[in-house]
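The structure under discussion appears below in the form of structure tokens.
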Amino acid sequence: MEVDVVNMKGKKVGTAELPPAIFEAPIKVDLMHQAYVRQMANKRLGTHATKGRSEVAGGGKKPWRQKGTGRARQGSTNAAQWVGGGGIFTPKPRSYEKAMPKKMRRAALRSALSVKASESEIILVDELKLEEIKTKTMAEALRAIAGDEMVLLLIPSNDPEYLDVKRASANLTNVKLLMANYLNIRDLLGSKQVVVPLAALDVITGYLG
């Protein structure tokens with residue numbers, strides 16, 4: 001698949017071929033869903049905890065005698081029906097982590113990238129360079145490239161040469177900046193346009209091709 005390559009002003013400067021193994025892969029919706037559910041589940045801390053009957057304070061003495069009061073029998077004020085009593089089947093710390101083989105995760109990424117490519121939502125940029133290191137300059141550049149849509153901006157690495165781009169896009173609410181080798185299903189499907197510098201495309205090809 002051949003797509004246009006634009007500069008930071010949104011003007012076409014050439015064309016490039018998207019690797020068909022990555023951007024024309026079979027689209028497997030169930031696999032993308034599984035990868036998404038796994039990622040969201042793995043984000044959960046699982047630190048929730050409430051006290052059960054044996055963990056709350058007090059309750060050592062029987063509230064009243066067993067018979068003759070006309071009231072229901074009670075053994076302890078730690079029971080769940082009492083104010084301040086322990087809960088029943090209360091949540092405890094646990095792991096929500098889900099396993100998914102690396103081959104399946106990468107196949108899901110290829111499916112998502114193929115969806116984006118088929119809908120013309122992959123935008124190639126020749127290089128990331130700003131005339132001024134300002135949020136306004138970055139916003140204008142991305143508006144020229146991708147409009148006012150939610151943008152996933154990929155950078156090839158965390159090298160100092162991309163530090164200006166990171167700083168300039170940090171306060172833009174419609175931009176998610178991500179290193180190319182950290183590409184994930186949630187950010188990919190949550191964006192409307194994926195802006196990919198040619199150097200970042202090489203990184204993606206290196207581990208998904």
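The values are calculated or read from the model by the stated rules, or taken from the named source; none is laboratory data. Source: prediction; values computed, not measured. For neighbour counting, all protein chains shown are included, and Cβ atoms are generated from backbone atoms with ideal geometry for every residue, glycine included.
Scanning segment 24-47 for residues that are within 15 Å of the chain's Cα centre (by Cα) and in a loop (DSSP other than H, G, I, E, B) yields Arg44, Leu45.
For every residue, the table says whether it meets (1) farther than 30 Å from Thr47 by Cβ; (2) hydrophobic (A, V, I, L, M, F, W, C); (3) modelled with pLDDT under 95.
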{"position": "Arg105", "(1), (2), (3)": "no, no, no"}
{"position": "Glu132", "(1), (2), (3)": "yes, no, yes"}
{"position": "Arg143", "(1), (2), (3)": "yes, no, yes"}
{"position": "Ser157", "(1), (2), (3)": "yes, no, yes"}
{"position": "Pro160", "(1), (2), (3)": "yes, no, yes"}
{"position": "Asn171", "(1), (2), (3)": "yes, no, yes"}
{"position": "Gly190", "(1), (2), (3)": "no, no, yes"}
{"position": "Gly209", "(1), (2), (3)": "yes, no, yes"}
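From the list Glu127, Glu121, the lone residue that is within 22 Å of Asn158 (Cβ to Cβ), touching a strand residue (DSSP E or B) at 6+ places or on another chain (Cβ under 8 Å) and among the acidic types (Asp, Glu) is Glu127.
To keep it simple, each residue is scored yes or no on (1) assigned by TED's automatic domain parsing to the domain that holds Leu198; (2) farther than 27 Å from Asn184 by Cβ; (3) surrounded by 12 or more Cβ atoms within 10 Å (Cβ to Cβ).
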{"position": "Lys12", "(1), (2), (3)": "yes, yes, no"}
{"position": "Ala16", "(1), (2), (3)": "yes, no, yes"}
{"position": "Pro19", "(1), (2), (3)": "yes, no, yes"}
{"position": "Met40", "(1), (2), (3)": "yes, no, yes"}
{"position": "Gly59", "(1), (2), (3)": "no, yes, yes"}
{"position": "Ala79", "(1), (2), (3)": "no, yes, yes"}
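Under the condition of being part of a loop (DSSP other than H, G, I, E, B) and either of a type outside the set (D, E, K, R) or under 29 Å from Tyr207 (Cα atoms) (or both), the residues counted in segment 143-160 number 7. Of everything in segment 119-142 that is free of Cβ contacts under 8 Å to residues at least 40 places away in the same chain and in a helix (DSSP H, G or I), the residue that is surrounded by the most Cβ atoms within 10 Å (Cβ to Cβ) is Met138.
Does Thr47 meet the test of being surrounded by 10 or more Cβ atoms within 10 Å (Cβ to Cβ) and either in contact (Cβ under 8 Å) with a residue 40 or more places away in the chain or of a type outside the set (A, V, I, L, M, F, W, C) (or both)? Answer is no for this residue. Exactly one residue out of Lys67, Lys103 is over 30 Å from Thr50 (Cα atoms), without any contact (Cβ under 8 Å) to a residue 40 or more places away in the chain and either surrounded by 13 or more Cβ atoms within 10 Å (Cβ to Cβ) or outside the structural domain of Lys176 (by TED's automatic domain parsing) (or both): that is Lys67.
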